[in-house]
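The values are calculated or read from the model by the stated rules, or taken from the named source; none is laboratory data. From a predicted model like this one, the values you see are computed outputs, not experimental measurements. Virtual Cβ from ideal backbone geometry, glycine too; neighbours counted across all protein chains shown.
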């Protein structure tokens with residue numbers, strides 16, 4: 001199964017679990033928790049914002 005992602009601040013969830021990193025980053029941008037780096041032309045998360053990953057384990061066949 002696929003991993004899930006969400007945004008947290010100081011370890012506290014700020015967004016729901018999402019299917020992709022891009023969706024989680026969109027949440028961070030919407031919540032004004034991400035900043036645009038003009039020189040690198042990419043979004044970044046500053047401390048204490050974190051992109052949390054939760055791996056889903058595949059079920060064993062019975």
* Which pairs have Cβ atoms under 8 Å, sit 6 or more apart or on different chains, and link a residue in the range 1-16 that is on the phi < 0 side of the Ramachandran plot and surrounded by fewer than 11 Cβ atoms within 10 Å (Cβ to Cβ) to one that is assigned to a loop (DSSP other than H, G, I, E, B) and modelled with pLDDT of 95 or more? -> 2/19
* **Of the criteria (1) within 9 Å of the chain's Cα centre (by Cα); (2) part of a loop (DSSP other than H, G, I, E, B); (3) exposed (fewer than 13 other Cβ atoms within 10 Å of the Cβ), which one residue 39 fails** => (1)
* Can you pull out the residues in the range 1-10 that are out of contact with any helix residue (DSSP H, G or I) (no Cβ under 8 Å at 6 or more places or on another chain) and either closer than 20 Å to residue 56 by Cα or assigned to a strand (DSSP E or B) (or both)? -> 1, 2, 3, 4, 8, 9
* **Scan of the range 17-36 for residues that are free of Cβ contacts under 8 Å to residues at least 12 places away in the same chain and either loosely packed, with under 14 Cβ neighbours inside 10 Å or touching a strand residue (DSSP E or B) at 6+ places or on another chain (Cβ under 7 Å) (or both), ordered by number** => 22, 30, 32, 35, 36
